[in-house]
Amino acid sequence: MTDLRAGEVAVFAPPAQDAGLVFIGLIGTPWTRRADCPRQGAPDGPVCTIEVFEPWVAALDGVAIYASLEILYWMDQSRRDLVRQSPAHDGQSRGTFSLRSPLRPNPIASSVVTLMRVEGARLFVRGLDCVDGTPLLDLKPDRREFRAPGYCSK
Ligand SMILES: C[S@@+](CC[C@H](N)C(=O)[O-])C[C@H]1O[C@@H](n2cnc3c(N)ncnc32)[C@H](O)[C@@H]1O
């Protein structure tokens with residue numbers, strides 16, 4: 001793949017190994033293009049949806065007690081061969097692992113979101129930054145968050 005900015009370096013990325021990942025849902029956002037997404041989600045950003053697919057809906061039991069969740073998602077429009085990147089287009093490149101860029105060998109993104117409400121298989125949250133239809137990998141309680149006494153999320 002070409003389209004490198006000044007200072008950026010691509011490598012020959014080895015073929016993907018099958019990690020056995022399963023997309024467990026889809027994220028709904030107002031943004032249809034990457035360029036329209038915020039760089040990072042914000043607590044006062046728009047309400048977005050996280051739809052969990054069957055047979056994983058039963059796994060949502062208990063989620064509603066949390067005010068915030070950590071969401072892991074798959075940046076499916078990312079190239080995966082960059083070792084140096086220039087986010088500001090200024091030729092000042094940095095190593096991929098020193099950035100939160102979605103362009104990485106395994107394009108896994110994470111955000112801590114505010115949970116507004118749960119309706120069946122659908123969560124309504126604030127704090128996402130991905131395009132509409134981005135695949136969901138996982139969700140888990142925000143480990144920085146207070147938990148109700150006696151509750152153990154394991
Ligand atoms: C900088 S990343 C941050 C992601 C996550 N909050 C993190 O820190 O891991 C967010 C950017 O990824 C890009 N993006 C959004 N959805 C994407 C997708 N499905 N595939 C590839 N890139 C995407 C957009 O340019 C967006 O501004």
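The values are calculated or read from the model by the stated rules, or taken from the named source; none is laboratory data. Here the structure is a predicted model, which is why all the values come from computation and not from measurement. Every residue, glycine as well, gets a Cβ built from its backbone with ideal geometry; the counts of neighbours run over all protein chains shown.
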Count - residues of segment 101-135 that are within 11 Å of the ligand (Cβ to nearest atom), assigned to a strand (DSSP E or B) and either more than 9 Å from the chain's Cα centre (by Cα) or of a type outside the set (S, T, N, Q) (or both): 5
Failed item in (1) within 19 Å of D142 (Cα to Cα); (2) small (G, A, S); (3) within 16 Å of the ligand (Cβ to nearest atom), with A67 passing the rest: (3)
Conditions (1) part of a helix (DSSP H, G or I); (2) over 19 Å from the mean Cα position of the chain (by Cα): number failed by F97: (2)
Single match in S98, S93 (criterion: modelled with pLDDT of 95 or more, in contact with an Asp or Glu (Cβ under 8 Å, 6 or more places away or on another chain), within 30 Å of T2 (Cβ to Cβ) and away from the ligand (no atom under 12 Å from the Cβ)): S93
Every residue from segment 52-90 that is modelled with pLDDT of 95 or more and under 21 Å from R5 (Cβ atoms): M75, Q77, S78, R79, R80, D81, L82, V83, R84, Q85, S86
